[in-house]
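Single-structure report; data block below.
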Amino acid sequence: MTEKRQLQKAQTRERIIAAALKVYSEQGFSAPTAAIADEANVSHGSIFVHFPTVESLWLCLLENFSQDINAEFNSLSEYGNDIERLLERHIDVLIKHEDFYKRLVKEAVYLPEEEKNTFIAIQSMVSIHLLQALEREISRKVVKNVPPHMLFNTWLGLIHYYLLNGDLFAPQDSVLKRYKSALIECFLSLIKQ
Amino acid sequence: MKTCIACGMPMKNTSDFAMSDESKDYCVYCARPDGTMQSFDEKKENMTDFIIKTQGLAREAAESAALSMMKKLPHWKNHFD
């Protein structure tokens, strides 16, 4: 394959990925691939050249999201055990992917096992960073001695509730941007001794 | 930056490496107390326990997620063929 042809192929793949992200975020994971082809301005068949199955396309989007979250958190060590900064960074990275993340939270239960497990792996990555800091603060008696998963799930529960009801809390707006400080303040006041 | 061949964790600091030895390809969490690397079953068990501890999932769901994570790591490839 010539270099030019390879470049074109890579560009088409990127267009499909960007279009899929938009279409799935807006319409859900059951959106037809024809809608993605329209959005990407490519032929319907070309989607399957790059992604033989719709599941492989879902997985690709999840892996991209996972890599982005991973990169964000790996650049975080300078904040040490500052829980507030970690929570801020978590919400910031979710704001970058807000529509896609909201869709994931809403529909993860219907996704095939591998995609669902990738979502669990993403949360696992986040939990490593948050819980390292939270456990240090528990040992210093700054944070209440609550089981780690309950701390993590309470934090996710708050975020997910506001996301899923965004139409009530922040119509036509980013609910995470609007409630970022309130959610962090509330969570910290709940967990601190 | 190296990532652990057994769990994928980025190893940024010397203390992240097994036995704090930067020549190792696996992390402190994937090492046994004597510094050797955990077996497939030990790692699966460990990852499952970690997911239960951090996310509170039921064991079967946590184990399925742990296997999915391990499947993506070249080091464990032979166990899934």
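Annotations for the structure displayed:
- Among the residues of the stretch A:105-128, those identified as open to solvent by less than 40 Å² (accessible area, probe 1.4 Å), over 9 Å from the mean Cα position of the chain (by Cα) and not small (Gly, Ala, Ser) are A:107, A:111, A:115, A:117, A:118, A:120, A:125, A:126.
- Here the condition is being more than 24 Å from residue A:174 (Cβ to Cβ), polar (S, T, N, Q) and surrounded by 15 or more Cβ atoms within 10 Å (Cβ to Cβ); of A:33, A:2, it holds for A:33 alone.
- Criterion (surrounded by 15 or more Cβ atoms within 10 Å (Cβ to Cβ), within 14 Å of the chain's Cα centre (by Cα), free of Cβ contacts under 8 Å to residues at least 24 places away in the same chain and more than 12 Å from chain A (Cβ to nearest Cβ)) met by exactly one of B:65, B:18: B:18
- Which listed residue is part of a loop (DSSP other than H, G, I, E, B) and β-branched (Val, Ile, Thr), from B:52, B:5: B:5
- Looking across the stretch A:111-155 at every residue that is among the small types (Gly, Ala, Ser) and over 17 Å from residue B:65 (Cα atoms), the one that is nearest to the other protein chains (Cβ to nearest Cβ) is identified as A:133.
- Qualifying position, being more than 23 Å from residue A:179 (Cα to Cα) and open to solvent by 20 Å² or more (accessible area, probe 1.4 Å), among A:102, A:22: A:22
- Hey, residue B:23 in a helix (DSSP H, G or I), open to solvent by 40 Å² or more (accessible area, probe 1.4 Å) and more than 8 Å from every other protein chain (Cβ to nearest Cβ) or not: no
- Some residue of the stretch A:168-181 being in a helix (DSSP H, G or I), within 14 Å of chain B (Cβ to nearest Cβ) and in contact (Cβ under 8 Å) with a residue 12 or more places away in the chain: no
- Between B:70, B:11, B:47, B:1, the distinction of being within 14 Å of another protein chain (Cβ to nearest Cβ), open to solvent by 40 Å² or more (accessible area, probe 1.4 Å) and under 21 Å from residue A:70 (Cβ atoms) belongs to B:1 only.
- Taking the criterion of being open to solvent by 40 Å² or more (accessible area, probe 1.4 Å) and assigned to a helix (DSSP H, G or I), the residues of the stretch A:131-167 that qualify are A:132, A:135, A:136, A:139, A:149, A:150, A:153, A:154, A:161, A:162, A:164, A:167.
- Qualifying residue in the stretch B:27-40 (condition: closer than 21 Å to residue A:127 by Cα, more than 14 Å from every other protein chain (Cβ to nearest Cβ) and open to solvent by 40 Å² or more (accessible area, probe 1.4 Å)): no
- Selected residue (criterion: surrounded by the most Cβ atoms within 10 Å (Cβ to Cβ)) from residues of the stretch A:82-99 that are out of contact with any Lys or Arg (no Cβ under 7 Å at 6 or more places or on another chain) and under 30 Å from residue A:55 (Cβ atoms): A:90
- Taken over the stretch A:39-55, the criterion of being closer than 24 Å to residue A:114 by Cβ and exposed (fewer than 13 other Cβ atoms within 10 Å of the Cβ) is satisfied by A:52, A:53.
- Across the stretch A:140-190, the number of residues qualifying as more than 26 Å from residue B:59 (Cβ to Cβ) and β-branched (Val, Ile, Thr) comes to 4.
The values are calculated or read from the model by the stated rules, or taken from the named source; none is laboratory data. Computed from a predicted structure; not experimentally measured. Don't worry about glycine lacking a Cβ; one is built from the backbone with ideal geometry, like all the others, and counts go over all protein chains shown. Ligands, DNA and RNA are stripped out before the accessible areas are found, and what is left, the full protein with its side chains, is counted by its heavy atoms. Shrake-Rupley method; radii C 1.70, N 1.55, O 1.52, S 1.80 Å.
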